[in-house]
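Remarks on the structure that follows.
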Amino acid sequence: MPTLLEISFGPVQSFIAAARRTADLWAGSRILSAAVRSAGRELLSAGAALIYPDPLRVEQENSEQSNLSNVLLVEVPDGIDTSRLAEQAISAARRSITELGEDVLRKFPELRQDLFRTQLQDALEAFTAWAEMLPAESYSSTYKKLKTTFSQRKNTREFLPAAIIHNNLPKNSLDGLRETVLPEQQNSNQLRRGKWRRLRLGRGEQLDALGVLKRFIGSNSDAHFVALTRIAAHDWLASIAKTQPETLAELREAYEKLVPLGLASRCPSNGGQYDNFPYDAALLYPERLQIAHTDAELCDEPAECRSALQQLEKILRVIWRTFGRPLPYAALLLADGDRMGKFVAAAQDKSHHSELTRALAGFADRAILILREAGGQAIYAGGEDVMGLLPLSSTLHASQRLANEFRGFISKISQTINRESGTTHLPTLRVGVAIAHIQ
C-alpha cells in the first residue's frame with residue numbers, strides 16, 4: 001500500500017529572519033530553497049512521487065523562478081521503506097548546506113573551521129510524519145490522518161544540546177544564539193579589509209556559520225538581488241532621468257568609479273527598471289556617504305578612494321539643491337493566502353493537490369515579476385507566501401495586482417476542489433506593508 005509522507009524543514013526564523021541586511025533575508029530564503037530541492041531530488045530518484053513542490057521545479061533549477069516551499073508532500077510506493085527514505089531526503093538537504101559551507105571555507109580558511117562545520121550540520125531542523133493509504137480509504141481521509149500525525153510530531157519535538165559550546169566566544173550579533181565563527185583579531189578593522197569586505201561586516205559585528213553563509217551568498221556579484229537603498233531611491237532617480245538626463249549621466253560616471261574600489265556595487269537591471277542607474281545607490285544618501293568617507297581608510301588605495309568620494313559628493317551637492325535628497329524609506333511587503341489551510345485540506349484527490357501546487361508556483365513566479373515591474377525586489381516568493389521590497393509610490397498598486405493575480409490563479413483550481421468537496425470558500429491574498437528606513 002502506498003504511503004503519504006510529509007517533510008518540513010526549518011527553522012525559518014534563523015534561515016530567513018535573522019538578518020541585518022536585506023540581502024541576508026534573500027540569501028536565507030535561497031539556502032533553504034536549495035536544501036528543499038536536494039531533498040526533493042533524493043525522493044524522486046528513489047521512485048517516490050512528489051505532490052508538492054512541483055517535481056519540474058525540483059528537477060530544473062532556475063535562479064529566476066520562485067522559491068520552493070519548506071514543506072514536501074510525497075506519495076511513497078509500496079515496497080519502499082518510508083522511514084529510511086525520509087532520512088535519506090533529510091541527509092541530502094543537510095548535505096547541500098554543508099557543501100555551500102565548504103565553498104565559504106575555501107575562500108575564508110581563517111574562519112573557525114571545526115565550529116563552522118558543526119554549526120552548519122546542526123542548522124537545519126526536519127520534521128517528518130507519514131500515513132499509510134489503507135484499502136478502501138480515500139486520499140482525502142489519508143491526508144487528514146497525515147496532518148493530524150504531523151501536528152502531533154511537531155508537538156513532541158526534541159531539543160538537542162549543542163555539540164560544541166565555547167563559552168569564551170562572542171555570540172552571533174544577528175540573534176545571539178550561536179557562537180561566532182569569525183577569527184579573533186586584535187583590530188576589528190582587519191576583518192573589513194581586502195577579501196573580508198565581501199562579508200560587509202559592521203564594526204564589532206559577529207556572525208555564526210549560517211550568518212557568514214548568508215552574507216557570502218547575498219554579496220555574490222552574480223546574485224539577482226537589489227539593495228534596499230536602490231529601491232528607496234528609485235523614484236528620486238526616475239525624476240532626475242526624466243528632467244535632467246545629462247545630470248544623471250554625470251552622476252553615473254562618478255558612481256562607476258567607486259565600484260572597482262569596493263565602495264559601491266552594481267545591481268541587476270531588474271528587467272530594465274534600473275538601467276538608468278544600475279548601482280546600489282547607498283552613497284546618494286548623506287548618512288551613508290559620511291560612513292563611506294570613514295571606510296575609505298580601509299581601502300587598498302585610501303587616497304584614490306577619498307578622491308572618488310569627494311568627486312561624487314561635489315556632484316551630489318548640486319543635485320540635492322535642485323531635487324532635494326532621496327527619500328530614505330521603502331516598503332517591506334508580506335503577503336500570504338487567507339483560508340488556505342481549509343482549501344488545501346478540501347482536496348479530494350492527489351491530482352487536486354498537484355494542480356494546486358502548479359497554480360501556486362505560477363502565482364509565485366508572477367509575484368516576482370509584479371514586484372520587479374513596480375521597481376521592487378522579491379526577497380521570497382514560494383506558493384502563496386511573498387516577501388518583497390518596493391518603492392513607496394508603487395506599493396498600493398503592486399499590492400492590488402498581487403491580490404488580483406492570486407485570485408486568477410486560485411480560481412482555476414477552486415472550481416474543481418469546491419465542487420467535489422462541497423465547500424464554497426475561496427482563498428484570498430492578505431497583504432501587509434511596513435514602511436522602513438534604509439538604516
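The values are calculated or read from the model by the stated rules, or taken from the named source; none is laboratory data. Since the model is a prediction, treat every value here as computed from it, not as a measurement. Heads up, the Cβs are rebuilt from the backbone with ideal geometry, glycines too, and the neighbour counts pull from every protein chain shown. Note: areas computed on protein heavy atoms with side chains; ligands, DNA, RNA excluded. Shrake-Rupley method; radii C 1.70, N 1.55, O 1.52, S 1.80 Å.
Applying the selection to the stretch 329-354, what residues are open to solvent by 30 Å² or more (accessible area, probe 1.4 Å) and either at pLDDT 90 or above or in contact with a Lys or Arg (Cβ under 8 Å, 6 or more places away or on another chain) (or both)?
Initial filter on the stretch 329-354 (open to solvent by 30 Å² or more (accessible area, probe 1.4 Å)): 329, 332, 334, 336, 338-339, 341-342, 345, 348-351.
Across the stretch 329-354, the qualifying residues are Tyr329, Leu332, Leu334, Asp336, Asp338, Ala345.
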>> Between Leu25, Leu32, Leu44, which is free of Cβ contacts under 8 Å to residues at least 24 places away in the same chain, touching a helix residue (DSSP H, G or I) at 6+ places or on another chain (Cβ under 9 Å) and either surrounded by fewer than 21 Cβ atoms within 10 Å (Cβ to Cβ) or not in a strand (DSSP E or B) (or both)?
In response: Leu44
> Can you find a residue in the stretch 308-328 that is in a strand (DSSP E or B), in contact with a strand residue (DSSP E or B) (Cβ under 9 Å, 6 or more places away or on another chain) and open to solvent by less than 70 Å² (accessible area, probe 1.4 Å)?
Replying inline: no
>> For the stretch 260-286, which positions are over 17 Å from Asp235 (Cβ atoms) and either hydrophobic (A, V, I, L, M, F, W, C) or in contact with a Pro (Cβ under 8 Å, 6 or more places away or on another chain) (or both)?
In response: Leu261, Leu263, Ala264, Arg266, Pro268, Ser269, Leu283
> Which members of the stretch 142-160 meet the condition of being closer than 15 Å to Phe9 by Cα and in contact (Cβ under 8 Å) with a residue 40 or more places away in the chain?
Replying inline: Phe150, Lys154
> For His397, which of the numbered conditions (1) surrounded by fewer than 18 Cβ atoms within 10 Å (Cβ to Cβ); (2) in contact (Cβ under 8 Å) with a residue 60 or more places away in the chain fails to hold?
Replying inline: (2)
>> Restricting to the stretch 98-116, give me the number of residues that are open to solvent by 20 Å² or more (accessible area, probe 1.4 Å) and over 22 Å from the mean Cα position of the chain (by Cα).
In response: 7
> Do we find a residue being open to solvent by 30 Å² or more (accessible area, probe 1.4 Å), over 23 Å from the mean Cα position of the chain (by Cα) and modelled with pLDDT under 85 anywhere in the stretch 199-206?
Replying inline: yes
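Residues are listed down the side, and each one gets a yes or a no for (1) under 31 Å from the mean Cα position of the chain (by Cα); (2) open to solvent by less than 40 Å² (accessible area, probe 1.4 Å):
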{"site": "Leu258", "(1), (2)": "yes, yes"}
{"site": "Ser265", "(1), (2)": "yes, yes"}
{"site": "Gly271", "(1), (2)": "yes, no"}
{"site": "Asp275", "(1), (2)": "yes, no"}
{"site": "Leu298", "(1), (2)": "yes, yes"}
{"site": "Glu301", "(1), (2)": "no, no"}
{"site": "Cys305", "(1), (2)": "no, yes"}
> If you take the residues of the stretch 121-161 that are open to solvent by less than 20 Å² (accessible area, probe 1.4 Å) and in a loop (DSSP other than H, G, I, E, B), which of them is farthest from Lys214 (Cα to Cα)?
Replying inline: Leu124
> How many residues are open to solvent by 10 Å² or more (accessible area, probe 1.4 Å), touching a residue at least 60 places away in the same chain (Cβ under 8 Å) and outside any strand (DSSP E or B) when one looks only at the stretch 375-393?
Replying inline: 3
>> Can you report the number of residues in the stretch 237-256 which are polar (S, T, N, Q) and open to solvent by 50 Å² or more (accessible area, probe 1.4 Å)?
In response: 2
>> Out of everything in the stretch 106-120 that is hydrophobic (A, V, I, L, M, F, W, C) and assigned to a loop (DSSP other than H, G, I, E, B), what residue ends up being farthest from Asn172 (Cα to Cα)?
In response: Phe108
> Checking Phe343 against (1) under 25 Å from Gln400 (Cβ atoms); (2) under 21 Å from the mean Cα position of the chain (by Cα), which test does it fail?
Replying inline: (2)
>> For the stretch 47-96, give me each residue that is part of a loop (DSSP other than H, G, I, E, B) and touching a helix residue (DSSP H, G or I) at 6+ places or on another chain (Cβ under 8 Å).
In response: Ala48, Pro53, Asp54, Glu61, Glu64, Gln65, Ser66, Asn67, Leu68, Ser69, Asn70
> Out of all the residues in the stretch 59-90, which are closer than 22 Å to Pro11 by Cβ and buried (at least 17 other Cβ atoms within 10 Å of the Cβ)?
Replying inline: Ser66, Asn67, Leu68, Ser69, Asn70, Val71, Leu72, Leu73, Val74, Ala86, Ala89, Ile90
> Out of the stretch 375-388, which residues are at pLDDT 90 or above and more than 12 Å from the chain's Cα centre (by Cα)?
Replying inline: Gly375, Gly376
